[in-house]
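> Before I ask anything, let me first share the structure, which is written out below as structure tokens.
We did not get these values from a lab; they are worked out from the coordinates using the rules stated. Source: prediction; values computed, not measured. Cβ placement follows ideal geometry from the backbone for every residue including glycine, while neighbour counts extend to all protein chains displayed.
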Amino acid sequence: MRRALVLAALLLLPERLAVAHTPGKLLASTPYEVRNPADSYALFGVFHTGAERFVVKLAHATRFAAPVEIFVPHVDELRRHRPAYAVVGPGLPAPSAAELAALPAPLPAGWGAEVELNQVTPRPVLFESIMRRFYWTSEPLAVVFPAGPSEIWVWSAAKTTGKFGLGFGVEEGGGYLAALDDWSLYAY
Amino acid sequence: MRLPTFVGGITAAFAAACWGFPVDQSTECAAYVRCIEAIDRAASAASGTPQVTDLDRYQDGGACWGNPELGKGCTTSCRRALDRLRAREPALPVECAP
């Protein structure tokens, strides 16, 4: 019933006006290529082993400031699931020794990183009003993406497993109806 | 209640529920914009090459301020970014001071 209501609401809304990120599915086996980095995205994935590293590839035409946030469903079995992320690329700040040690892969030469280890306590909670779901969130962080290529790496430092979402950007790009292709990933 | 008034009210309530009302730029994001613009000016002067950061969404009237939910998230992101910058960078422009 709830799915039908959400579907009806989505179909009734003009897509360009709907307040929603462009959804996408993250796979550890394949980097996610962002087509339009000026738009906002909500990318969802699942840690099956806890050892995965998810990679998102972007390329901005100019330096570009936008919020980035990682979140997990607000369910009891994911209480200790705190995936981390790092925006990595040329021109980003040099990470601290602790951040460097936490990264899931060596930084390419000349690259820096903005690292979010998702350790805010008590854990902030996000209510997402389109899907009407609660999430535990890292809290958004404004990151200045460099001009040219950059990447976002997502990993689970404590090797915990479970679903997660990665959100970035503000401007609405549309395409939210793609969420219906993989409904169970977005709606826990 | 007359029918047009009722329908108008329902429509307005539906629109507000879906999209919310625009909000003002937060002081946190105004400070963040000033700081990044100052960093860009300093970097441009030091290198001789213009450095400009696209801050449109955080600017007054930007996409961050389209509704309260977006505004709250953007404001948090600005506050956290400024906290990080101040903790990490020893020589920020004066525009970045608390």
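> I need the calculated FRET efficiency for the pair residue A:30 and residue B:46, taking r as the beta carbon distance and R₀ as 35 Å, to the nearest 0.05. It would help to have the intermediate numbers written out before the result.
On the way: r = 40 Å, r/R0 = 1.14.
For residue A:30 and residue B:46, the calculated efficiency is 0.30.
> While we're here: Less than 24 Å apart at the alpha-carbon level, and either on another chain or at least 8 residues along: which lysines does that give for residue A:163?
A:25, A:57
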